[in-house]
């Protein structure tokens, strides 16, 4: 499996992908909250099979909704993370990043990895808004 963490922002998002072994598959990159930005994201993701990627993003205001809708329509597996849970994981040291894990989207990627290995379904749950 591969774990894509997306740090959601008002106009721009940042994403990074790690492998099951913790290897960073592509460095964090910015993309806009637009069709052009989505195309930039999918260009990077198209190098991998969709069914091997778990995508996680925090439910940050309403800014995540457009991206969620598009990823869901394109059949990606997405989990929407509660910001309170992400903060708790970060504060408890559960998200034990390697030295490269300085950026927030990498922390989300690592959280997805930890949750999948520990079967922490309170954090890692499937796309629930659209079934």
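In the stretch 3-13, is there at least one residue being over 14 Å from residue 112 (Cα atoms), surrounded by 14 or more Cβ atoms within 10 Å (Cβ to Cβ), within 11 Å of the chain's Cα centre (by Cα) and modelled with pLDDT of 90 or more?
Looking only at the stretch 3-13, we keep the residues that are over 14 Å from residue 112 (Cα atoms), and these are 8-13.
Now drop any that are not surrounded by 14 or more Cβ atoms within 10 Å (Cβ to Cβ), which leaves 8-9, 12-13.
Those still in the list that are within 11 Å of the chain's Cα centre (by Cα) too: 8, 13.
Right, trim to modelled with pLDDT of 90 or more and you get 13.
Within the stretch 3-13, one or more residues are over 14 Å from residue 112 (Cα atoms), surrounded by 14 or more Cβ atoms within 10 Å (Cβ to Cβ), within 11 Å of the chain's Cα centre (by Cα) and modelled with pLDDT of 90 or more.
Any residue in the stretch 63-89 that is closer than 20 Å to residue 33 by Cβ sitting within a Cβ distance under 6 Å of a residue that is in a loop (DSSP other than H, G, I, E, B) and at pLDDT 85 or above? List the pairs, counting only those 6 or more apart or interchain.
Note: pairs meeting the criteria are 63/8; 63/10; 64/8.
Determine which member of the set 42, 52, 32, 14 is within 19 Å of residue 111 (Cβ to Cβ) and free of Cβ contacts under 8 Å to residues at least 60 places away in the same chain. First the steps, then the outcome.
Numbers: 42 fails: within 19 Å of residue 111 (Cβ to Cβ); 32 fails: within 19 Å of residue 111 (Cβ to Cβ); 14 fails: free of Cβ contacts under 8 Å to residues at least 60 places away in the same chain.
Criteria check complete, one pass: 52.
Every residue, every condition in (1) at pLDDT below 90; (2) out of contact with any helix residue (DSSP H, G or I) (no Cβ under 8 Å at 6 or more places or on another chain); (3) surrounded by 11 or more Cβ atoms within 10 Å (Cβ to Cβ), yes or no:
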residue	(1), (2), (3)
24	yes, no, yes
33	no, no, yes
42	no, yes, yes
51	no, yes, no
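Can you pull out the residues in the stretch 14-57 that are closer than 14 Å to residue 70 by Cβ and either under 13 Å from the mean Cα position of the chain (by Cα) or part of a strand (DSSP E or B) (or both)?
Hits for the stretch 14-57 are 15, 31, 32, 41, 45, 55, 57.
The values are calculated or read from the model by the stated rules, or taken from the named source; none is laboratory data. Nothing here was measured: the structure is a model prediction, and the numbers come from that model. Here Cβ is always computed from backbone atoms with ideal geometry, including for glycine, and neighbour counts include all displayed protein chains.
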